[in-house]
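Scroll down for the structure; my scribbles are underneath it.
The values are calculated or read from the model by the stated rules, or taken from the named source; none is laboratory data. Here the structure is a predicted model, which means the values were calculated and not measured. Neighbour counts run over all protein chains shown; Cβ positions are idealised from the backbone, glycine included. Ligands, DNA and RNA are stripped out before the accessible areas are found, and what is left, the full protein with its side chains, is counted by its heavy atoms. Shrake-Rupley method; radii C 1.70, N 1.55, O 1.52, S 1.80 Å.
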Amino acid sequence: MIKKFTLPLLLLAFAAVAAAQDTYQTPAKDLVDIVNAPVTPQALTGPGNWMLIANPSPMLTIADLSQPELRLGGYRFNPATHEQSRVTYANEISFLNEATGEKRAITGLPSPLRVRNPSWSPDGSRLAFTIATETGLTLWTADPSTGRAARVGNVLLNGTHPRRPFDWLSDSRTLIARTVPGNRPAAPTATAVPAGPLVQENLGRRTPSRTVQDLLQNEHDAALFAYHLQSQLVAVSLDGKARNVGAPGMIVRAEPSPDGQYLLVETVKKPFSYIVPEGRFARRFDVWTRSGEPVKQVADLPVMDTVIPDRDAAAEGPRGINWRADVPATLYWVEAQDKGNPRVEAPVRDRVLMLAAPFNGTPTELASLATRYGGVMWGNNDLALVQERWWKTRQVRTWRVRPAQPGTPDLLFENSIQDRYNAPGEPVTKRDARGRSVLRLTNGGTSFYLFGEGASPEGDRPFFDRYDLNTKKAERLWRSEGEQYETPVDLLDDEGRKLLTRRETPTEAPNYLLRDVRAKKTTALTSFPHPMPQIAGAKKELLRYERADGVKLTAELYTPPGYDPARDGRLPVLIWAYPEEFLSADTAGQVTTSPHRFVRANIGGALPYLLRGYAILNDPSIPIIGANGAQPNDTYIEQLISGATAAVEEVVRRGVGDRDRIAVAGHSYGAFMTTNLLAHTDLFRAGIARSGAYNRTLTPFTFQAEDRSFWEASETYIRMSPFMHANRINEPLLLIHGAADDNAGSFPMQSERLFQAMKGLGGTVRLVMLPHEAHGYRAKESILHMLWEQDRWLETYVKNAKPRAAAGR
């Protein structure tokens, strides 16, 4: 139903009030039980027979989020502990033997336990990890043969930068760690009296950038950032001995070469930028010996603030500098040949180059690519897989190259990123003797393996293939079948026989199996129980339907445990969705899920409300298609309405949904969708929009998949912005936003301004700002309150809504 012009709805249960500080509320017990349900453990396989089983802590507390935090250079950290803030941890870890199924507890750990960054040694004899404490970030290892854990060295790691703060050397006895320098002076303090104004200028250069948050604001920010980024590299042996490696600096990476003889050191440089985050600051890349002596300067890059905000754009100069995984010490990197500008015509856009130790020769070319470099997987001197991709066409190609004699590459795969049905799968890797990830080869190096999602019209059927490089054909070795969803996790041998998988059904939690592919036998390794038995009886159905123009759509329909259509009649419905852009109707209509996956009520989504008596239409296809060269967003509103109308009609046609009691909700771009649907249709009785961006003129240099600027497509930006149509929103709208949102473009003011607009226009609207929360909510108190707000809104305006007159539809 297209939006009709009607008078704004009168406030029902909630009167318009001024902003006020509220207290955290607790929702109904069945929602609280969902929040308190345990998280299914996760596995990390190692080079040997042991794997780590980690129990993630489900969420933080508001006290955690209230700890000191600096937001500088595009990321957030605790200045007292030099640890990333807002991150979740494992609060319980253990070992499991893949071959025997033996379980082993890990002893000697502190309590409370906050484990992150697990990493197996190259030989699989030790697991290294970090434990966060009140005084700082500590380094630990655990021995799977005994189960004993111990702190390694009396060092405090610098986890200010998001990259893992340590790496193993190939000897499996030494770790290279970024540590907080000892004997530092106190952190710089801000003066109350400014020395002068903050000045920025641009002298004719085109320097567009996307709207990002947590950037440096002034010289004090810059001084604090430099202070906390300072790290001293330390070599720490398993016996606790530590020695400094080189001089301290703003080091964000120190990656050992595969043979352990060199370090690739990435150091951030001044001057900093106030318009781009740390990832685009000036920096140097140097090769040091493992003792800290400089060997080679690989690159000295300026601030990258001229890269246009386009997914096919790249920085000039060397980028993606890394070690080749399959040889002792060879660097590789990529260099744009089109100045990194996708709007410049060029027969070659990227070159991949290599330089072997002792790094004093001329780089050799591994590949020249017609589109943008997308990654490389190393096998040996005769085999590497190089990928290139181009976002505008959604095309991806995978080439076979011979690193010892590059010559002409051989095309193996070419497909659309969005064509799930014909995706070949991802090459399978293994950890070699040096601990590096390389292709797992077989048949004398003429074949490799693939894991794939196996998307099909019947839903995902994960598979395991062997690909023959000579025939360029894949042989199917195994496929998930039956009323279950089983996906490959790891291949444990070169013969392709021992396969570690993770199996689940709609009512059985994911568990790990050891599968003998040839003998077609399985051994259960874990038996994790259903974490939410109260929803085990919920019914899940994969729906297939079409929108008005014939585009095929899908959705997951869930009904509450024990629901009987004949007895219970039609239900109130909550639709939870997220639009996506496509270049063809064929790929837009592909099935993107499986009817056989485990049903877990994600606390950030719609499924908890099954226990409150709602039918849930989860993830209905809302494709925005730009076929035949057209821009998808130029018809965004029309296609959004068409997709939502088809979803509503289907759930009503099936006799499950009550047309007069349907709500729409979403997070981030789903919130943007929600407010647009309320502005342009009368399909829904109410909406819930969380952490969205509603005025696209505030994100003028592209957003989501839109790669045109506001000045290139101003009509589209304005028409897509629900803020511009706030006078049309005449259904109740609940706005929720993290007060410390860190996502590009979705500043808290986006919700504040939409609330002010609707309030001024007499709309029914409630704005809830969650203290200390970022784009994804982390604190238990916040999540419980969010569920309470949503439940109360739905109960008032949807479940107990009176039928509306036909004229108002």
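Some notes on this structure:
- Residues in segment 85-122 reached by a label modelled at Thr61 [backbone nitrogen below 12 Å; 7 Å Cα→Cβ]: 112
- Averaged per residue, the chain has 41 square angstrom of accessible surface, using a 1.4 angstrom probe with ligands and nucleic acids left out.
- In degrees, nearest ten, helix 636-653 long axis to first principal axis of the chain (Cα): 70 degrees
- Rounded to the nearest 10 degrees, the angle from helix 669-680 to the longest Cα principal axis of the chain is 20 degrees.
- Modelled this way, with points 7 Å down the Cα-to-C-beta line, the labels at Gln405 and Asp493 are 3.4 nm from one another.
- Structure note, pairs Lys392/Lys473; Lys498/Lys521; Lys473/Lys498; Lys241/Lys296: Cα-Cα distances above 18 angstrom occur for Lys392/Lys473; Lys473/Lys498; Lys241/Lys296.
- With a cut-off of 11 Å on the backbone N, no residue of segment 369-399 is near the modelled label site 7 Å out from Thr446 along Cα-Cβ.
- Gyration tensor verdict on segment 17-138 (Cα atoms; rounded if a/c is under 1.5, prolate if a/b is larger than b/c, oblate otherwise): oblate
- R0 of 45 Å, Cβ-Cβ distance Arg151-Val212: FRET efficiency to nearest 0.05: 0.75
- Taking the protein heavy atoms of segment 651-809 in the context of the full set of protein chains, the accessible area attributed to carbon and sulfur is 51 percent at 1.4 Å.
- Ranked packing of 496-507, 660-671, 526-537, 747-758, most packed first, by mean Cβ within 10 Å: 660-671, 747-758, 496-507, 526-537
- The share of accessible area on segment 302-356 that comes from carbon and sulfur is 51 percent, using a 1.4 angstrom probe.
- For segment 361-438, the spread of Cα positions along each principal axis, largest first, Å: 38, 29, 17
- Spatial separation of Cα centroids for segment 599-634 and segment 172-208, in angstrom: 41 Å
- Pair Gln756, Arg544: separation of 7 Å Cα→Cβ label points (nm): 5.0 nm
- Percent carbon-and-sulfur accessible area, segment 429-571, ignoring ligands, DNA and RNA, probe 1.4 Å: 46 percent
- The peptide list 271-277, 357-363, 51-57, put in order of mean Cβ contacts within 10 Å with the highest first, becomes 51-57, 271-277, 357-363.
- Here each label is just a point 7 Å from Cα along the line to Cβ, and for Thr362 and Arg163 those points are 3.0 nm apart.
- 24 Å Cα-Cα reach of Lys780 towards lysines, excluding residues that sit fewer than 8 places from it in its own chain: Lys29
- Note on Asn628/Ala705: beta-carbon distance plugged into 1/(1 + (r/R0)^6) with R0 of 22 Å gives a FRET efficiency of 0.80.
- Counting only protein heavy atoms and using a 1.4 Å probe, the accessible area of Arg690 comes to about 10 Å².
- Ligands, DNA and RNA aside, Met304 has an accessible area near 30 Å² when probed at 1.4 Å.
- A full extension of the chain between Leu198 and Tyr578 corresponds to an added length of 132.8 nm, given 0.36 nm per residue minus the alpha carbon distance.
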